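Asks: Take this structure, written in C-alpha cells, and hold onto it; I'll ask about it next.
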Amino acid sequence: MASNVIAVYPGTFDPITLGHEDVVRRATQLFSKVIVAVAAGHHKKALFSLQERMEMAREAVKPYSDQVTVESFSGLLRDFVVARGGKAMVRGLRAVTDFDYEFQLAGMNRSLMPDVETVFLTPSDKYQFISSTFVREIAMLGGEVHKFVSPDVEKQLAAKVRSLGRE
C-alpha cells in the first residue's frame, strides 16, 4: 500500500453496486485513504437523490470506514481532488467498451491535474457486467437485483420503485 496517498473514486453511484464495492475494497489495498466522491449528477437524471446515494455509499463502505470516507461534489472534479490533496483517481473498468471513454477521460484529467494519476481497477469477474443503469432498469421492471447490490441497496431500490408506483 502506498503510504499517505489519498485516492478519489468518483461516480454518481445511482445506486452503488457490488461492483463499486469491490473496486473500493481493491483501492483500500493500494491507498492509505480512499474518498468515494458522489457526484451531484448535473448531467444525468438520477433515480436517487444525492443524499440517498451518499447514505447508501456510506453503508456500503462501512467495513472500510478506517480508510474510506464518502463525500459529495459538484462542479469540476479537478477542484474536488485538488482540495482534498488527492494524488490518485480510481476508475473502475468493467469491459473493453469502458476503456475508450475512460482513456479519454484520463487524458483530460491529466491535462487538468498533471500531479494526479488515474488508476484503473477491474472488479472481480462476477461483478464485471454489473452497471447501475442495468440495476435501475431491472428494478423498475420488477426484476430481482439481489445478485448485483447489497441487501440495504436492494431495500432502497424496492422502496423507490414503490414510491414511483411501479411495483
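Asks: If Lys and Arg each add +1 and Asp and Glu each add -1, what is the summed charge of the other residues whose beta carbon sits under 14 Å from the beta carbon of Gln156?
Replies: Summing Lys/Arg as +1 and Asp/Glu as -1 gives 0.
Asks: If you don't mind, another one. By accessible area of protein heavy atoms, probe 1.4 Å, what ranking do Asp152, Asp79 get, highest first?
Replies: The most accessible residue leads, giving Asp79, Asp152.
Asks: With N residues in the chain, what two-decimal value do you get for its Cα radius of gyration over 2.2 N^0.38 Å?
Replies: Against the empirical 2.2 N^0.38 Å value, I get 1.01 for the chain.
Asks: Now a separate question. Accessible surface of Ser163 in the full protein assembly, 1.4 angstrom probe, to the nearest 10 Å²?
Replies: Answer for Ser163: close to 80 Å² accessible.
Asks: Sticking with this structure for a sec: When ranked by the protection proxy of mean other Cβ atoms within 10 Å per residue, highest first, what sequence do the peptides 12-22, 140-150 form?
Replies: Ranking the peptides 12-22, 140-150 by packing returns 12-22, 140-150.
Asks: For the chain, modelled as a Gaussian network with Cα springs under 10 Å, which listed residue fluctuates most, Val82, Val90, Val38?
Replies: Of Val82, Val90, Val38, the most mobile in the Gaussian network model is Val82.
Asks: Hey, if we sort Ile6, Ile130 by accessible area with the 1.4 Å probe, largest down, what's the order?
Replies: Ile6, Ile130
Asks: Heavy atoms only, probe 1.4 angstrom, no DNA, RNA or ligands counted: give me Phe73, Phe120, Phe134 ranked by accessible area, highest first.
Replies: Ranking Phe73, Phe120, Phe134 by accessible area, largest first, yields Phe134, Phe120, Phe73.
Asks: Once every DSSP H run of n ≥ 4 in the chain is given -39500 (n - 2.57) and the sum is divided by its residues, what mean residue ellipticity at 222 nm do you get, rounded to the nearest 500 deg cm²/dmol?
Replies: -12500 deg cm²/dmol
Asks: With every protein chain in place, what's the accessible area of Leu164 (1.4 Å probe, Å², nearest 10)?
Replies: 90
Asks: I'd like the accessible area for Thr69: 1.4 Å probe, protein heavy atoms, all chains in place, Å² to the nearest 10.
Replies: That residue has around 50 Å² of solvent-accessible surface.
Asks: Mind checking the dipole of region 4-162: about its Cα centre, +1 per Lys or Arg Cβ, -1 per Asp or Glu Cβ, Debye to the nearest 20?
Replies: Result for region 4-162 is approximately 120 debye, rounded to the nearest 20.
Asks: Still on this model: By the scheme Lys and Arg +1, Asp and Glu -1, what is the net charge of all other residues having a beta-carbon under 14 Å from that of Arg91?
Replies: -2
The values are calculated or read from the model by the stated rules, or taken from the named source; none is laboratory data. This one's a predicted model, so the numbers in the text were calculated from it and none came from an experiment. No Cβ is skipped: glycine too gets one built from the backbone with ideal geometry, and neighbour counts run over all protein chains shown. These area figures cover heavy atoms from the full protein model, side chains too; ligands, DNA and RNA do not enter into them. Shrake-Rupley method; radii C 1.70, N 1.55, O 1.52, S 1.80 Å.
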